[in-house]
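A.B. asks: Would you mind keeping the following structure in view while I ask a few things?
The values are calculated or read from the model by the stated rules, or taken from the named source; none is laboratory data. Keep in mind the model is a prediction, meaning the values are calculated, not measured. Cβ: placed from backbone, ideal geometry, glycine included. Neighbour counts: every protein chain shown.
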Amino acid sequence: MSTTIYMKKFSQINFRHGIMGLLFLGSMLLTDDAWSQRKKKEDPKAAAPAAAPKPQAKPGPKAFSEVITSKAKTKEGLFNVHEIEGKYFYEIPEEMLGREMLIVTTIARTADGIGYGGERTNTLLVRWDRERDNVLLRVVSYSNVAADSLPISIAVKNSNLEPILQKFDVKALSKDEKGVVIEVTDLFAKDVQAIGLPRNRRTEFKVSRLDTDRSYIERISPYPMNIEARYVMTYAATEPPSNSSTGLITVEMNSSMVLLPKEPMMKRLADRRVGWFSRSVVDYGLDEQKATSRRFLDRWRLEVKEEDYDKYRRGELVEPKQPIVFYIDPATPSQWVPYLKQGVEDWQAAFEMAGFKNAIIAKDAPSKEEDPDWSPEDARYSVIRYFASDIQNAYGPHVSDPRSGEIIESDIGWYHNVMNLLRNWFFIQTAAVNPEARGVKFREEVMGRLIQFVSSHEVGHTLGLPHNFASSHAYPVDSLRSATFTAEYSTAPSIMDYARFNYVAQPGDKDVSLMPNVGPYDKYSIMWGYKPILDAKTPEDEQPILDQWILEKADDPIYRFGRQGNSYDPSTQSEDLGDDAMKASDYGIKNLKVILPNLMEWTAEEDKPFKDYSDLNEMYGQVIGQYNRYMGHVRTNVGGVYELYKSAGQGEAVYVHTDKATQKRAVQFLNKELFTTPTWLMDQEIISRIGDFGALERVRGVQVGTLNGILEWGRLGRVIENEALNGKDAYSMTELFDDLRAGIWGELASGKTIDVHRRTLQRAHIERLEYLMTNDEPAAARRFGAVINASQSDIRPMVRGELKTLQRQITAAIGRTSDRASKLHLEDALERVKAVLDPK
């Protein structure tokens, strides 16, 4: 090759950088001689150039038989699941790609201190999407929606990119070459937080990592509409709740993946005037000038068969296309099965109000011979699961479709030791009038009826009903002493209240009912949520009819709903009865005064003469606990505000302050029954048998807890606001402080001896006033309501004035007090008050 040719090539090259261009030019301007000299220097023994590599086979899915070999153990179901030497593969049919499914994660088995078996930890709406040679497990959300036909739906989708929970390589195509095969071992054997130990537990126990050497998949079982995965997870933790020397936490998790219906059920819009479990979405497609939230019910898909439309319209009861069926766990002790089943079928009368007969049924689980494939984990079956556990609980969850609220299935958790809880409640609340409750072991029929009561309550949750804490306030207190009234209406309009048992009934009240049943409110709410409105095509079409059903009952307290967790409404309290807390609690205390002297006799067992006093100790604690509940029911009236749900169209107030007379009665009751030492609780015969110390502290705890609950930020804030809004008609803070002081410091005017309980209570009063003078409202409390600005509110000036009044009265009382212990106490109290007023 000549230099001329190289120059010609060079002229065709466009160099952008001079120095690099010259270097490149130097390398190219090689003469034939130069090439010749270079060839001579080459080693003749040098190896020949390596052959060009053969083109690699295009990466991608292998043949099915190469991945799912003859070693595979295969189970058929929603996806076929193949297990090969500890590795798990899903064979996903083509028609299941893109379908939405629900993953419900629960703790199946756990160590002491980490929740309980059956506790739900997370729920995810997911979809399996194929992207070329990958499958993406995406987490789907319907929190923000807009109809696809609207332009704004594009913005909604762009603002809600679906996160990828896991990415899988497509290992092979399925047998029909339309679906895919992926390996899912890492999804369950590695630390995927969404289906593992929840974040709050990780933080609490200071979990650092998953120990994969001690974690494994126990089994993955497919069924026609769900796949159940059981896997054991072991975590390294600095502060495990038990077995702390190991530095480990081991839990067994269950992940249930349930196929959702292709066509979601039509929603029914929620209304806070009727209690219901519901879910919220922000609908950007509504004709509103703001982002509007809509709530809709969680409910089973109960539909009228088309051939029964005419019957239904005529008002005849019809059977639904698909009834609600609960199976009883085969592990359930046989004597309790009939009562659990009856608790389910107690709701049939409620569904008849909605137009259905045989809408809810209880069945025994089939035997292995009858159906070898039946399993309580199969999502086609709702089951009352029986757990051999010392946990005193039962719970009624449900799994629902986030797109529509349709309840897919439910597994009620029933713990064996819930019977101990029932025994304690029934004993303490009814033994004064009920000989059947006077013992630590009830007759089978009595315990069975109690089990039926709890079964009915938990089934109510699975149907979509939350607790209705306003229910028990609907009946007049004295009506609960009437056999005629309670026979017709039981003890509360709703079994979904925590009304428990009839502690109002007194000895001599014959044939009075002692527990609630599925009541008129329950039947009304089931009707409201389940009654089909056949001509409605959209949720909005239903609203006028639903509203009319509510308005028909609006003035009747029996049909009122009050939410759980409302700490300021005297009419929505847990475990109360009747419309007057002071009167009901007075009856309850009278019954406790009957029970306490008989406690030793009623907790003894003739056939166990060598037993210890553990039952006596437990039931004495139950007496104290029940007494404390009564004090809490009364206290809530002070600074109370009724929350009475209304629609804007009704034109009525939603929040109404408790009237002045009721609040004053509540403080008078507490002064008489609690702050005046309840010596009747100090039964020496019992105390001498259950412990060397602590009886005084039990009473002190009730007194101080109640006092601090009255003098807390939110309650005092409501007292101030009530006076600002209602003037002289309100129970003012000065009146509250005067009434409390008169009850707590009653000995000051007379110089009487102050007993040890009263001395403790009086110190607690000063300490609480000091707290209000020197602290702000706790940050945790601010999350649940309005914030009290302590430095700018009336609270501190009022507290300062109260302390000065106490200072004067204590100073005057010291001279007229002759009892040595009382005088020393008052001198100490005076110094405490001075220290608060003048910290220097």
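A.B. asks: For the range 563-622, give me each residue that is of a type in the set (Ser, Thr, Tyr) and either under 26 Å from Thr491 (Cα atoms) or in contact (Cβ under 8 Å) with a residue 12 or more places away in the chain (or both).
C.D. replies: Ser567, Tyr568, Ser571, Thr572, Ser574, Ser585, Tyr587, Thr603, Tyr613, Tyr620
A.B. asks: Might you check whether a residue that is hydroxyl-bearing (Ser, Thr, Tyr), touching a residue at least 24 places away in the same chain (Cβ under 8 Å), assigned by TED's automatic domain parsing to the domain that holds Gln807 and surrounded by fewer than 17 Cβ atoms within 10 Å (Cβ to Cβ) occurs anywhere in the range 725-747?
C.D. replies: yes
A.B. asks: Sticking with this one: How many residues does the range 189-207 hold that are over 15 Å from Thr250 (Cβ atoms) and not aliphatic (A, V, I, L, M)?
C.D. replies: Residues in the range 189-207 being over 15 Å from Thr250 (Cβ atoms) and not aliphatic (A, V, I, L, M): 8 in total.
A.B. asks: So Leu577 passes all but one of these: (1) more than 30 Å from Ala270 (Cα to Cα); (2) surrounded by 19 or more Cβ atoms within 10 Å (Cβ to Cβ). Which condition number does it fail?
C.D. replies: Here Leu577 clears every test but (1).
A.B. asks: Here is a further query. Do you know which of the residues in the range 648-695 that are of a type in the set (A, V, I, L, M), out of contact with any helix residue (DSSP H, G or I) (no Cβ under 8 Å at 6 or more places or on another chain) and part of a helix (DSSP H, G or I) is farthest from Gly709 (Cα to Cα)?
C.D. replies: Ala648
A.B. asks: Let me ask something else about it. Would you call Asp541 at pLDDT 95 or above, surrounded by 15 or more Cβ atoms within 10 Å (Cβ to Cβ) and part of a helix (DSSP H, G or I)?
C.D. replies: No; evaluated as a whole, the condition is false for this residue.
A.B. asks: So the check is Cβ under 7 Å with 6+ separation or different chains; which pairs have a first residue in the range 119-130 that's farther than 10 Å from Ile103 by Cα and a second one that's polar (S, T, N, Q) and in a strand (DSSP E or B)?
C.D. replies: Going by the 7 Å Cβ cut-off, the qualifying pairs are Glu119/Thr106; Arg120/Thr106; Thr121/Thr105; Thr121/Thr106.
A.B. asks: Looking at Ile220, is it crowded, with 22+ Cβ neighbours inside 10 Å and out of contact with any Leu (no Cβ under 9 Å at 6 or more places or on another chain)?
C.D. replies: The answer is yes for Ile220.
A.B. asks: Cβ contacts < 6 Å: first residue in contact (Cβ under 8 Å) with a residue 60 or more places away in the chain and within 18 Å of Arg230 (Cβ to Cβ), restricted to the range 372-392; second residue surrounded by 17 or more Cβ atoms within 10 Å (Cβ to Cβ) and among the acidic types (Asp, Glu), any location; separation 6+ or different chain. Result?
C.D. replies: Within 6 Å, the pairs are Glu377/Glu228; Ala379/Glu409; Arg385/Asp329; Arg385/Asp411.
A.B. asks: Moving to a separate point now. Considering only residues that are closer than 30 Å to Glu303 by Cα and without any contact (Cβ under 8 Å) to a residue 40 or more places away in the chain, which ones fall in the range 538-555?
C.D. replies: Within the range 538-555, Asp541, Pro544, Ile545, Gln548, Trp549, Glu552, Lys553 qualify.
A.B. asks: Can you name the residue in the range 314-334 that is under 24 Å from Leu534 (Cβ atoms) and charged (D, E, K, R) and, of all such residues, is surrounded by the most Cβ atoms within 10 Å (Cβ to Cβ)?
C.D. replies: For the range 314-334, the residue satisfying everything is Glu319.
A.B. asks: Sort out which residues of the range 163-175 are surrounded by fewer than 18 Cβ atoms within 10 Å (Cβ to Cβ) and touching a residue at least 40 places away in the same chain (Cβ under 8 Å), and write them in order of number.
C.D. replies: Selection gives Leu165, Lys175.
A.B. asks: Got at least one residue in the range 188-203 being within 17 Å of Ile92 (Cα to Cα), exposed (fewer than 14 other Cβ atoms within 10 Å of the Cβ) and modelled with pLDDT under 95?
C.D. replies: Checking the range 188-203: not a single residue is within 17 Å of Ile92 (Cα to Cα), exposed (fewer than 14 other Cβ atoms within 10 Å of the Cβ) and modelled with pLDDT under 95.
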